[in-house]
Amino acid sequence: MDRRRDRVHALLEELKALLGDGGVIEGAEVAQRATSFWDARPHQARAIVRPRTTGEVSRVLAACHAAGHPVVTQGGVTGCSMGADAQTGEIALSTERMRAIEAIDPIGATATVQAGVTMQSLQEAAREHGLLYAVDLGARGSCTIGGNVATNAGGINVLRYGMMRAQVLGLEAVLADGTVVSSMNHMLKNNAGFDIKQLMIGTEGALGVVTRVVVRLHPLPSSRNTAMVALQTFEEVTTLLGRMQREMAGTLSAFEVMWDNYYLAATEPGGHRPPLARDYPFYVLMEAEGADPAADAVRFEQVLEAAMEQGLILDAVIPQSESERRALWDIRENFEFMMANRTTYLYDVSLPIREMAGYAAEVQASTAGTWPDGRTIIFGHLADGNLHLFIQPQDDNATHAASDALVYAPLTTRHGSVSAEHGIGLEKQGWLNRCRTAAELDLMRTLKQALDPKGILNPGRVIPPP
């Protein structure tokens, strides 16, 4: 034990020499940080290293590789699957000092950024050039571009712009032994051999640490029309989705569905003010963005009016100001108060849209049968086939494992996935074989062994042992 302690001490002294003042924090300063946005317990890492450049990341990983010491990469620490939650003894590699927006090319519509740049910072910088960084989600103020790449982030605009994978043109990453792989491509088309960036996107830091990224930007829409509507059945929700996609001529950018249990929880006393009555079965928050403010507003309202006249939409509210629009989106995005003083298990699943109603009903019934005093809350990005669930057992004997079984088991027969956009991390690893074949898992292990033979990068995460 003393020999191991001496080795770790020597490694940390080496890292301090490499990174200089403030580059390594230890002890009480580490414990003052929360484990993650979702877990307020003290940070468990042995130390947090904070490089500023790709070169420093390379030197850190080379030293940790030589010492065989585990490293977990951290961005904004907003992930929901414990992928970036440092475990006792691990060294956390934080990108919090890598926040440079290196370049924005308004002609090629690209941005080159370091991994620690927050989503909101990039969105604001792009907007100054009349451009849009299209990936968007509620954690925009704290989640980082590197973390978004590592988890293949989705969010509210996926139906129009695609997930993070569709935005990344090039990237730079550091492998476990410190090797720098730079593929900073700026072009939409480049079929010159293997697409190396795909080895890093969505692999949760298990194969390398992303340090710099080239992302696509899009023309900034000049119109935005938003509405929250109420509907009676899930079939009518999907009918409305098809109509909006067809009649809004490709400008529909968001279509968020909320089951009644979500809307009730979001608008209960102490929550958000309900813009619509609280007794409808389904609520949808939708948004269309275009290039002709006057014409787009007329078209949007005409489509809604027609849907209401036909009885498809039961009630609707259209915001008349940005503050009213933001209040509607707060209902969908700001839900932390629902979890106050309640044990809550969070889920992020995907399945064919046609299977969603039956799946939701089955989970609600099985949860109610298991924990009669509990509640199930369901909402999500309908057009992407992505649902989020909060299971709140209200039972002191409830376990996370029991909740997982209620949520994940029904996905198998419905050809669904245990993770739509949050990744696998530590939390879902045991369920990965429910949505991946044995051959796929073997290939994942082969790639991991080839690129990280000592298994120091995010050990134990994502890939289950054989």
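The values are calculated or read from the model by the stated rules, or taken from the named source; none is laboratory data. Keep in mind that this is a model prediction, so the values were computed, not measured. Backbone-built Cβ (ideal geometry, glycine too); neighbour counts: all protein chains shown. SASA here: full protein model, heavy atoms, side chains in, ligands and nucleic acids out. Shrake-Rupley method; radii C 1.70, N 1.55, O 1.52, S 1.80 Å.
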Sum -39500 (n - 2.57) across every DSSP H segment of at least 4 residues in the chain, then divide by the residue count to get the 222 nm mean residue ellipticity, nearest 500. -9500 deg cm²/dmol
Could you give the length gained by full extension between Y280 and A405, i.e. 0.36 nm per residue of separation minus their alpha carbon distance, to one decimal place? 42.1 nm
Using the Karplus curve 6.51 cos²θ - 1.76 cosθ + 1.60 with θ = phi - 60°, work out ³J(HN,Hα) for each residue of the stretch 232-240 in order, rounded to whole Hz, and write x for Gly and Pro. 8, 10, 5, 4, 6, 4, 5, 4, 5
Run down the lysines and flag those whose C-alpha is under 28 Å from the C-alpha of K448, throwing out any fewer than 8 positions away in its chain. K189, K197, K428
Taking amide H atoms as placed 1.01 Å from N in the peptide plane, list the residues 5 or more away in sequence, or in a different chain, whose amide H sits under 5 Å from that of T110. D105, L217
Quick query: amide H of T73 versus all other amide H atoms, modeled in the peptide plane; which residues come in under 5 Å with a sequence gap of 5 or more or a different chain? L93, N458
Karplus 3J(HN,Hα) series, Hz, for the stretch 106-121 with 6.51 cos²θ - 1.76 cosθ + 1.60 (x for Gly, Pro): x, 7, x, 6, 9, 10, 10, 9, 7, 5, x, 5, 7, 4, 5, 4
Quick query: amide H of S419 versus all other amide H atoms, modeled in the peptide plane; which residues come in under 5 Å with a sequence gap of 5 or more or a different chain? S350
The chain - accessible surface per residue (Å², probe 1.4 Å): 43 Å²
Return one number: the angle in degrees, 0 to 90 and rounded to the nearest 10, between the long axis of the Cα atoms of helix 54-67 and the longest principal axis of the Cα atoms of the chain. 60 degrees
Along the stretch 35-52, what does the Karplus equation 6.51 cos²θ - 1.76 cosθ + 1.60 (θ = phi - 60°) give for ³J(HN,Hα), rounded to whole Hz, x for Gly and Pro? 4, 6, 4, 8, 10, 7, 4, x, 4, 9, 4, 5, 7, 10, 9, 10, x, 10
For the chain, the longest principal axis of the Cα atoms and the Cα long axis of helix 438-451 enclose an angle in degrees, to the nearest 10, of 40 degrees
When the accessible area of the stretch 27-169 is split by element with a 1.4 Å probe, what percent falls to carbon and sulfur? 51 percent
Using Cα atoms only, what is the angle between the long axis of helix 293-309 and the major principal axis of the chain, expressed in degrees (0 to 90) to the nearest 10? 60 degrees
To the nearest 0.05, what FRET efficiency results for E324 and D2 with a Förster distance of 51 Å applied to their C-beta separation? 0.20
Out of every Cα-Cα pair in the stretch 1-104, what percent are more than 24 Å apart? 22 percent
Rounded to one decimal in nm, the spacing of the 7 Å Cα→Cβ label points at A306 and S142 is 4.4 nm
Using the crude model of +1 on Lys and Arg Cβ and -1 on Asp and Glu Cβ, and no other charge, please compute the dipole size for the chain relative to its Cα centre, in debye to 20. 1340 debye
